[in-house]
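Below: the structure, in structure tokens.
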Amino acid sequence: MSIVITAGQRGALVFADLAQTLGVMRSDPSGHPAELVAARGYKWLLCPRGASRPVADPRRISIVPTVASWKSAADPERFFGGPYSQAGTMARSNSSPAWMSWIGARAALGLLAHVDSDDSPCHVLRLADQYIAARRGHGFLELNCGARSRIVVTAPPPGHRVDPVRLYDARVRATITENGGLRVGFHYFNSEADAAYAAEVAHKALFVSTQ
């Protein structure tokens, strides 16, 4: 909140990216203090790439579209045979949707609408805690600085690395950082069995590093 206040004192706008929370953690874009809130759909919202939505109050923010189109025109659509008239709402920032992406997005968002918004954060954090405990048992070091998160980064034991090919072959989707840390994330559809399996596969994927 202090960032929003400071920005307002200097005439600056605040853009909040909810890509790392919306869909798996509690988030209410409608009540957010930032002037512009958005989330790309392909992460925790489970949508295909190309589907995203901004939320803004046109009374608080004035954005002029850099590429005017039929989607940014006023209603009724005034772009055939006459002067272009820009929408008075945030629809003036719309662009033509990537149709195939939005077909997948509709199915994904419909699924998430049935997820318990109170239980989901507790569930994913519980899985992350379980995974971290198992990683410690195998000599991995947690790099989350003590903050609970559904995204977990752990460093392998000294002198070891994690083989990404073994992870891939075992159908564990994770990221290995530049420094060799193993980054995984848990969603509502994951189970305790998934967390245990990911921890065990990571252990089996260890090899002695020559670097």
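Overview of values
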quantity	calculated
Distance between segment 143-188 and segment 1-39 - C-alpha centres, whole angstrom	29
Computed over segment 119-208: relative contact order in percent, which uses C-alpha pairs under 8 Å that are six or more apart	35
Mean Cα-pair separation over length for segment 105-164, i.e. relative contact order, pairs under 8 Å, 6 or more apart, %	26
Residue-span extension gain [I176 to M90] - 0.36 nm each, minus C-alpha spacing	27.0 nm
GNM result for the chain, Cα springs below 10 Å: residue of G159, G185, G41 fluctuating most strongly	G159
DSSP H segments from the chain that extend 24 Å or more along their own axis, Cα-based, with Kyte-Doolittle mean of -0.5 or above	119-137
Segment 2-112: relative contact order in percent, alpha carbon pairs under 8 Å with at least 6 residues between	23
Max mean-square fluctuation residue, GNM over the chain, Cα-Cα springs under 10 Å, options T154, T21, T89	T89
Structure-based [θ]222 nm, the chain - -39500 (n - 2.57) summed over DSSP H runs of at least 4, per residue, nearest 500	-9000 deg cm²/dmol
Cα gyration tensor, the chain - rounded (a/c under 1.5), prolate or oblate	prolate
Inter-site label distance for I5 and C122 at 7 Å from Cα along Cβ, in nm	3.3
Spin-label pair H114/A12, simplified geometry with 7 Å Cα→Cβ offset, distance in nm	4.4
The chain: most fluctuating residue of D129, D118, D17 per GNM, C-alpha cutoff 10 Å	D118
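Laboratory data are not the source of any read-out in this text; all were calculated from the coordinates shown. The shown structure was predicted, so the numbers you read here are calculated from the model rather than taken from an experiment. Glycine gets a Cβ as well: all are built from the backbone with ideal geometry, and neighbour counts include every protein chain shown.
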